[in-house]
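The values are calculated or read from the model by the stated rules, or taken from the named source; none is laboratory data. Remember, predicted model here, so these are calculated numbers, not experimental data. Here the Cβ positions follow ideal geometry from the backbone for every residue, glycine too, while neighbour counts run over all protein chains shown. For the accessible areas, the whole protein counts, side chains as well, though only heavy atoms, and no ligand, DNA or RNA atoms are used. Shrake-Rupley method; radii C 1.70, N 1.55, O 1.52, S 1.80 Å.
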Amino acid sequence: KRDLLFTLQEVFGYKTQNLRRAFCLIGFVLTCGVLLLAFIWRPQWWVWASCIPCALQEADTVLLRTTDEFQRYIRKKVICLYLSTLKFPISKNPEELLVVDRHSVINQAVSKPELKLRYIQVQKIRYVWDNLEKRFRKVGSLEDSNTCYDIHHTFGPGLTSEEQEVRRLVCGPNAIEVEIQPIWKLLVKQVLNPFYVFQAFTLTLWLSQGYLEYSVAIIILTIISIALSVYDLRQQSVKLHNLVEDHNKVRVTIVVKGKGLQELESRLLVPGDILTLPGKVSLPCDAVLIDGSCVVDEGMLTGESTPVTKTPLPHTENTSAWKSHSLEDYRKHVLFCGTEVIQVKPSGQGPVRAVVLQTGYNTAKGDLVRSILYPRPLNFKLYSDVSFGNTAPMALLLLTVTVPPVLPAALTTGIVYAQKRLKKRKIFCISPQRINMCGQINLVCFDKTGTLTEDGLDLWGTIPTADNCFQEVHSFASGRALPWGPLCAAMASCHSLILLDGTIQGDPLDLKMFEGTAWVNQCKFGMSDSNVVIKPGPKASQSPVEAITILHQFPFSSSLQRMSVVARLAGEDHFHVYMKGAPEMLVQFCRSETVPQNFPQELKKYTMQGFRVIALAHKALKMERFSEVESLTREKVESELTFLGLLVMENRLKKETKPVLKELSEARIRTVMITGDNLQTAITVAKSSEMIPRGNQVILVEANEPEECAPASVTWQLVENQENGPGRNVKRGSCYHFAMSGKSYQVIFQHFNSLLPKILVNGTIFARMSPGQKSSLVEEFQKLNYYVGMCGDGANDCGALKMAHAGISLSEQEASVASPFTSKTANIECVPRLIKEGRAALVSSFGVFKYLTMYSMTQFIGTSLLYWNLTSNFKFEVPSGTFRLQNLTLRIRLSMLRLHSTHAYPNLAPYRPAGHLLSPPLLLSVFLNVCFTCIVQICAFLYVKQQPWYCEVSWACLRILSFESTTLWPIVTINCIAVAFIFSKGKPFRKPIYTNYTATEAAAIGTWLRGAWGNRVWRQYKNWQKKLAEDSTWPPTNRTDYSDDGRNGFYINRGYESSDTQLFRVVKLVV
């Protein structure tokens, strides 16, 4: 029976049969472990052979199959837990709940009266069998169906100690444990790789035929390659273990129902526990805030160490789920695992409290670690074409000749060389196999702020309003202080900045805006019960207000695109609301009579110049007691506001942006902008950076959600082009680009999915995109068979960086640990550099594969000709030392040094190298070279037989030298050297071969060694001269010598004797 486990895997149930299992064990013995090896490579075969299909509720083994294009299988054993092992009695009445949460899967997973629970563990996540819904469900987190009322009243008093024990047994420990893999395990895993097993088979065959020296060289290289791989894996395991080790050692205080506060280790936390936050602490779990507020550093998640204010979950009796109550902004109530609480502000009801939502690997940090432990498989033709399924039949067909055993080591060496070159460019890689994938990238997505433009913003000016009209612009470049007024008060108070260790910290935009007022922050860190107080600084303009106290915040959210604060001006007995946000969003909350009529034109005027525009608004609250203000909802506070004006900030392009985008464009690599900023600003930046070339038209795509009386709709509007003026239609054949917001993307994704590919083919600007939408967009591009690169500064880009074929993080924060590549140079120059190195590495990998294949084919043809002529093995046709030298120098040195160590070409070509081994250019290249080699060797083989000095040699018991082998050997050698240079082609992806100084030096050393070796092997006459000079019986005089047996009619010609092999050429005397 099949069932969906989650969106990416399917589950099939099986029951083990002992008889089948016994037959399999016998098969392991009879096949000397070959069958066991096959079952290790293909776990589904082991399940199909030893088990029979059954219903999932009866299965003791499940087989998981991914629903992606890889269709990978994973075997898992079903584990049983018995609650009767607990130290306290548990009711066996099916009507009684085990846990107070009526939505919890635990109540449905435990079978009564057996008190039995079945589960499987997949990628560190535990899934329990739901007896009611008849499927496996994830455990270790509170159900999303809980309402705000449930969170406050069901879990608010705390869990009983008995319920905690039940949850600990079912959910497992709250620990993110990364085992440091023992070296022997890593070694076994590497050795059992199909390629290395095939290599062992080939080397065994070669050793049995006497190829000792070359086989030993291959074994040494393989050992080095495996040792390097094991070392890298071990180092990554140690680093990841150290990264999460402290997570499991935190001491926390929880509330136990009926017992009060209790201190315990964080690994004992369970979903539903009440966690108290006394002050600065590292969060060991995901939790939702229910009392008080706090400031959190979410650098681990976002890549930016920017303090974020968290507010408590509201007390409402709404029946909708607590996440849907806050829509996309539920994160403002959630404290994520791994983040740092740097300041707490208790409410009047007691300490800051939070309900544990998720534990262990279910948390945000756990998900990050899992993405590293279980990366997405590489859908890359090179690796699929070199897989066991393709190489094994090919190898058996060509008798292990055309798939040389040195290939794994050679490919590994190439990646090591590329990684070393990237490291010199300050580009660090944690997934080396993705380097080759970079050579196929044909689309690069860029974040805007901090990636294409400077990270910081510069104040340009303010445009206040009065009497429903915009007033004169106040320019900050003039040096004059911002005059006092509601706009100044809004800029000074509407932010989430805190004073930490004497330094004001917070969002860069908030910080720059606050600095523009010249006011100062008087709040001291550690005074958790105090409010933020701001006062005019020495450089501020004259103000009748001595101080402003910020009493309450409604934090900024990228989904809401606004924030607001409730403040009190010194000397006044009422409160004020100040709001800032995206202009298009903020005006919706303002009274229409306060918004200037030319607002759209004024906004467009500045956004089309590439400025970042923020709108501000204000409202006075006629309330005297703060308790009345606290009871107000955000919707009540943020309504009927007075529009104050615009704050204009300048976001300059980085100097490297325009040249890099031009280089990518000339290389025919698409560039796309994915940003959370204003759509018009994004279009302007795209035009100024020439991501959208001059003269190209932009079509704005705007989609609307379905309403009661109208379905979802899409509107296409041509954006006015300043060069060509306004236009109504796009001319056929002209270049155009689509631009849309995150909201429109979501509507099209849900309601116009068939239209999405048509838009993405020409989509260039995607603005106001949430982190989830960024990841979704990258995935949609990949579905169109684009090889996608993603470059971001780490802020809200983590998901997209992980999703892309090549994610490049410009941030060194902890969030970039899941990004395959990290650049220490915070600009996009790393993108073309990475693509160049990827192309060079990819071409080198194919070159090595072609060269080693051609080398083996060349020897195969020569050997076949000699065997066909009934001569001896090719190895013994020439002096064995010569053959060893040929293999060691031509195969190993040329393939690993000459082909791999050549640097990338400095310019990007307007086309990509071949992406898979079965491409026509590669096959044609190999085929033509094989044909040429075959023709040359056959012609030489036949030509030597026509020479007048040639004589036929009969088969003898001794291995002999022949004219054929002496002729073919130099031809084979020259052919192999020529092929090495042919496959070392430089431009357009690599530098010329003569720039490969490593290979040149190695060639010089090899020439010297070859000369020294040649003196020893080929100059036998010198050896004879030395021996004869020491022989007192030589030269013979006055005597006659006879053969051992004169009657046989043979004469032994000592001139053909080889001192290495002691072989004799036997020539029959012709009478």
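A few comments on the model shown:
- For LEU268, the solvent-accessible surface computed with a 1.4 Å probe is close to 70 Å², ligands and nucleic acids excluded.
- Accessible surface comparison of TRP969, TRP48, probe 1.4 Å, protein chains only, largest first: the order is TRP48, TRP969.
- Furthest towards positive pole of dipole, LEU569, PRO600, CYS590, structure part the stretch 552-613, Cβ charges: PRO600
- The stretch 119-160, relative contact order [Cα under 8 Å, separation at least 6], %: 23 percent
- When the GluC sites (Glu not before Pro) in the stretch 529-615 are filtered for DSSP coil states and for at most 13 other beta-carbon atoms within 10 Å of their beta-carbon, the remaining sites are GLU546, GLU572.
- Virtual paramagnetic centre 7 Å along Cα→Cβ of SER639, amide N under 18 Å, in the stretch 578-604: 578-579, 586-594
- Note on surface exposure: LYS824, LYS332 rank LYS824, LYS332 by accessible area, highest first, 1.4 Å probe.
- Whole-Hz couplings from phi, Karplus 6.51/-1.76/1.60, listed for the stretch 82-98; x for Gly and Pro: 10, 6, 5, 6, 5, 7, 10, x, 10, 5, 9, 6, x, 7, 8, 7, 6
- Relative contact order of the stretch 140-252, pairs being alpha-carbon contacts under 8 Å that are 6 or more residues apart, as %: 43 percent
- Solvent-accessible area of CYS488 with every protein chain in place, 1.4 Å probe, in Å² to the nearest 10: 0 Å²
- Here PHE88 and GLU143 are evaluated by their C-beta separation; at R0 = 41 Å the FRET efficiency comes out at 0.95.
- Computed from the C-beta positions of THR316 and GLU707 and an R0 of 25 Å, the FRET efficiency is 0.45 to the nearest 0.05.
- Calculated FRET efficiency for the pair ASN598/ARG480, C-beta based, R₀ 25 Å, to 0.05: 0.50
- Largest accessible area first, the listed residues THR684, THR825 line up as THR825, THR684 when surface is computed with a 1.4 Å probe on the assembled protein chains.
- In order along the stretch 252-257, the Karplus-derived 3J(HN,Hα) couplings, from 6.51 cos²θ - 1.76 cosθ + 1.60 at θ = phi - 60°, round to 10, 10, 10, 9, 9, 4 Hz, and Gly and Pro are given as x.
- With all protein chains modelled, accessible area of THR1033 [1.4 Å, Å²]: 90 Å²
- For LYS257, the lysines whose Cα comes closer than 21 Å to its Cα, not counting residues fewer than 8 places off in the same chain, are LYS87.
- Remark on VAL78: its backbone amide H falls under 5 Å from those of THR61, VAL62, a criterion applied only to residues 5 or more positions apart or on other chains, H modelled at 1.01 Å from N.
- Beyond 31 Å in Cα-Cα separation lie the following of the pairs LYS116/LYS259; LYS662/LYS824; LYS323/LYS824; LYS138/LYS189: LYS323/LYS824.
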